[in-house]
Amino acid sequence: MGLKITEIQEFSLHDGPWIRTTIFLGGCPLRCAWCHNPETQSISQSLLYQAEKCIGCGACVQACPNGAHVLSENKHDILRDKCRLCGACVAVCPSVALRYALSTLDENAFVRLVEKQKRLYGEQGGITFSGGEPLLQGEEILKAIEKVDIHTAVETCGYANSELFRRVVERVDYVLFDLKLADEREHIRYTGVSNQLILKNLEILRESGTPFVIRTPLIPNITDTPKNLAAIAEIVGKDSWEKLPYNPLAPVKYAWLNRKYEL
C-alpha cells in the first residue's frame, strides 16, 4: 500500500538529531485549535488551492467536468460541494496552484529516498516520520523501516493504540513526543480528545528505553500559561523537554482548504 503523505522536507534541523528528511503523513485523531498542518488532518484526499500561485488562465474551468471552478475577473472560487476529486484540474494547472493534499510513497520510492539521503548526509542524518499523527499508519512505518538501514525517528502526539505504539517506539531510534496540555478538560476543549491515553503511552515510551524528547508548543494563552507549564513540568520530571514557538503562518494553510482558522 505505501505511506499516505502530504510532504517530504529535506535538510530539516528541528525534527531529531543531526540533519534529517522529514516525511509528513496524512491523518490525525486530534483537532488542535492551533494546528499548523491542517492539510494533514484527514486520511482522505483533499484538494488544496493556493490563490497566490493562480495565474487566472482558466484551464481548470475548462477541465472540470462538474463545474466546480468559477473564474471571475479577480477571483477564483471553488465550489467544493461539486468537486469529486477527479484530478482533472490538478493535471492541467500550469502554476501548481491546485494540488492534492495526499500522495502515496510506496516501498521502492521510500528506499530510493533513504539512499539519496544517505548520500547527502552520510552518517549524520536520518528520517523522521511526522504528520498528522504517523502512528495512524504505524504498520506501514514498521514495514518501511525494515527495508532500510538509517537512523529513524517518529514525532507523535501519543494518541495511538498502545500495543502499536509500543512496537513502533521500540523499533525506531528516537521519539519526539508532543505533550500539549496537562489538564484533561482543557485538552478535550482544545484538541477534541482526552489526554489519558497520551499519558499512558508516555509511560510506555519511558519503559522502552528509546531516547526521546517531550515537546510542548507554546500557544498564546492556551498552552503557554504558567499553570499549564508548571503542570507539564511535573509530568516531565527529569526527561528532556523542549518548548516550541507558536507558528504565526498557520492560518495561510487553512485558506488552501477553504477553512477558517478559529484561534
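The values are calculated or read from the model by the stated rules, or taken from the named source; none is laboratory data. Predicted model only: the values in this text are computed from it and were never measured. Reconstructed Cβ throughout: ideal geometry from the backbone, glycine too, with neighbour counts over all protein chains shown.
Selection over the range 163-184 of residues that are more than 23 Å from ARG31 (Cα to Cα) and part of a loop (DSSP other than H, G, I, E, B) gives a count of 2.
Just to be sure, is PRO245 at pLDDT below 95 and either assigned by TED's automatic domain parsing to the domain that holds GLY138 or under 16 Å from ASN37 (Cβ atoms) (or both)?
Details: at pLDDT below 95: yes; either assigned by TED's automatic domain parsing to the domain that holds GLY138 or under 16 Å from ASN37 (Cβ atoms) (or both): yes.
Against the criterion (at pLDDT below 95 and either assigned by TED's automatic domain parsing to the domain that holds GLY138 or under 16 Å from ASN37 (Cβ atoms) (or both)), PRO245 qualifies.
Among the residues in the range 90-100, are any under 29 Å from THR128 (Cβ atoms), exposed (fewer than 13 other Cβ atoms within 10 Å of the Cβ), at pLDDT 95 or above and not acidic (Asp, Glu)? Full working, then the answer.
Within the range 90-100, the first condition is being under 29 Å from THR128 (Cβ atoms), and the residues that meet it are 90, 96-100.
If we keep only those that are exposed (fewer than 13 other Cβ atoms within 10 Å of the Cβ) as well, we get 96.
Next cut, at pLDDT 95 or above only: 96.
Still in the list and also not acidic (Asp, Glu): 96.
Yes, there is a match, as at least one residue in the range 90-100 is under 29 Å from THR128 (Cβ atoms), exposed (fewer than 13 other Cβ atoms within 10 Å of the Cβ), at pLDDT 95 or above and not acidic (Asp, Glu).
Assess whether GLY56 counts as being assigned to a loop (DSSP other than H, G, I, E, B), touching a Gly at 6+ places or on another chain (Cβ under 6 Å) and not hydrophobic (A, V, I, L, M, F, W, C). No; evaluated as a whole, the condition is false for this residue.
On the given criteria, is LEU113 assigned by TED's automatic domain parsing to the domain that holds ASP173, of a type outside the set (Asp, Glu), buried (at least 24 other Cβ atoms within 10 Å of the Cβ) and in contact with a Leu (Cβ under 8 Å, 6 or more places away or on another chain)?
Numbers: assigned by TED's automatic domain parsing to the domain that holds ASP173: yes; of a type outside the set (Asp, Glu): yes; buried (at least 24 other Cβ atoms within 10 Å of the Cβ): no; in contact with a Leu (Cβ under 8 Å, 6 or more places away or on another chain): yes.
The answer is no for LEU113.
Applying the condition of being over 12 Å from GLY132 (Cβ atoms) and out of contact with any strand residue (DSSP E or B) (no Cβ under 7 Å at 6 or more places or on another chain) to the range 1-30 and asking which residue is modelled with the lowest pLDDT yields MET1.
Kindly provide the set of residues from the range 132-156 that are in a loop (DSSP other than H, G, I, E, B) and surrounded by fewer than 24 Cβ atoms within 10 Å (Cβ to Cβ), ordered by number.
Pass one, the range 132-156, residues in a loop (DSSP other than H, G, I, E, B): 132-133, 146-150.
Across the range 132-156, the qualifying residues are GLU146, LYS147, VAL148, ASP149, ILE150.
In the condition set (1) of a type in the set (D, E, K, R); (2) assigned to a loop (DSSP other than H, G, I, E, B); (3) out of contact with any strand residue (DSSP E or B) (no Cβ under 8 Å at 6 or more places or on another chain), GLU234 is compliant with all but (2). A single entry from GLU170, GLU163, GLU203, GLU155 fulfils the requirement of being at pLDDT 95 or above and within 22 Å of GLN41 (Cβ to Cβ): GLU155. Screening the candidates LYS180, LYS200 for the property of being touching a helix residue (DSSP H, G or I) at 6+ places or on another chain (Cβ under 9 Å), crowded, with 19+ Cβ neighbours inside 10 Å and of a type outside the set (S, T, N, Q) yields one hit, LYS180.
Does LEU263 count as touching a residue at least 12 places away in the same chain (Cβ under 8 Å), out of contact with any strand residue (DSSP E or B) (no Cβ under 9 Å at 6 or more places or on another chain) and not assigned by TED's automatic domain parsing to the domain that holds LEU135? Yes: the conditions hold for LEU263.
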